[in-house]
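Below: one structure, written as structure tokens.
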Amino acid sequence: MNVLDCVNINKSYHKNKPVLENLNLTIPQGRIVGLLGPNGCGKSTLIKMIAGILQPNSGDIFVDGNPVGEKSCALISYLPERTYFSNSMKVKDILTYFKDFYSDFDIERAKQLLNDLRIDVNASLKTLSKGTKEKVQLILVMSRNAKLYLLDEPIAGVDPAAREYILSTIVSNYNPEASIVITTHLITDVEQVLDDFIFMGYGGQIMMAGNAEEARNETGKSLDELFKEVFRC
């Protein structure tokens, strides 16, 4: 069974200006997939629809065979583009919140990852840098035993020195029967962890997709080079 099936998805915010048009997408289990495309092509809109935050105008989305709803949302661990916790909270308060709210949250794993990055659980969010807040949020998301992880720009605000650790954290801290979808514009940084890639153009058109390693071997080019070629950047 696929972890994700998107069937004939259409989404418009304004009449006659489709963000996604007849998008079809399937992702099997056990894959790390890069959803890559220019700004404004609908990547975040698609992620939000899969997470149940937005609704498509038409089409169907299934997560592990379940239509978007209470059951599918329980299987998804979602990292939005922006941090959403109150600055008045302490890191340990957020850990407690996740433990109470998500039955699949592994608090000991989260504490270990926080310790690895030298993030004090007693620290208040208002004392942390933007990059550190994003690390905290990513650790929380990856400490759930979900079926589908949706990571929207997970390393965009993180210093280059921490990106390698964060990417290795993504790879080593998820259910092997699950899949991860990563949206990013930092293709060079993230392509090392991708099993598969999807180049998405405006209107939700799939410009190119496939196995990352096979694409590199067949073309002799990196995904970043292929991306620039496809989109003529």
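The values are calculated or read from the model by the stated rules, or taken from the named source; none is laboratory data. Just so we're clear, the structure is a prediction, and the values are computed from it rather than from any experiment. So basically every Cβ, Gly included, is an ideal-geometry build from the backbone, and we count neighbours across all protein chains shown. Surface areas here come from the heavy atoms of the whole protein model, side chains and all, with no ligands, DNA or RNA. Shrake-Rupley method; radii C 1.70, N 1.55, O 1.52, S 1.80 Å.
Some notes on this structure:
- Per-residue SASA remark: residue 6, around 0 Å² accessible (1.4 Å probe; ligands, DNA and RNA not included).
- Helical contribution to [θ] at 222 nm, DSSP H n ≥ 4, -39,500 (n - 2.57), averaged over the chain, rounded to 500: -9500 deg cm²/dmol
- Among 191, 213, 108: highest mean-square fluctuation, GNM of the chain, C-alpha pairs under 10 Å: 108
- With the whole protein complex present, residue 17 retains an accessible surface near 140 Å², based on a 1.4 Å probe.
- Probing with 1.4 Å while keeping every protein chain in the model, the per residue accessible area of region 25-66 equals 37 Å².
- Exposure of residue 216 as accessible area (Å², to 10), given a probe of 1.4 Å and all protein chains: 60
- Peptides ranked, highest mean first, by Cβ atoms within 10 Å: ranges 157-168, 193-204: 193-204, 157-168
- Stokes-Einstein, applied to the Kirkwood radius of region 159-232 over Cα pairs at a viscosity of 0.692 mPa s and 37 °C, places its translational diffusion at 244 µm² s⁻¹.
- Between the beta carbons of residue 87 and residue 195, assuming R0 = 45 Å, the FRET efficiency works out to 0.80 to the nearest 0.05.
- Residues of region 67-93 with amide N under 12 Å of the 7 Å Cα→Cβ point at residue 124: 87-91
- Here the chain is treated as a Stokes sphere of Kirkwood radius computed over C-alpha pairs; at 4 °C and 1.567 mPa s its diffusion coefficient rounds to 71 µm²/s.
- Percent accessible area from carbon and sulfur atoms, region 1-143, protein chains only, probe 1.4 Å: 46
- Pair-distance profile P(r), taking every C-alpha pair of region 7-62, with 10 angstrom steps and integer %: 22, 57, 19, 2
- Rounded if a/c under 1.5, otherwise prolate or oblate - region 89-132, Cα gyration tensor axes: oblate
- Between the beta carbons of residue 177 and residue 16, assuming R0 = 41 Å, the FRET efficiency works out to 0.45 to the nearest 0.05.
- Loop sites in region 35-119: chymotrypsin sites (Phe, Trp or Tyr not before Pro), DSSP, at most 12 other Cβ within 10 Å: 84
- Placing pseudo-labels 7 Å out from each Cα toward the beta carbon at residue 207 and residue 58 gives an inter-label distance of 2.7 nm.
- Fluctuation leader among 64, 116, 189 - the chain, Gaussian network, Cα springs under 10 angstrom: 116
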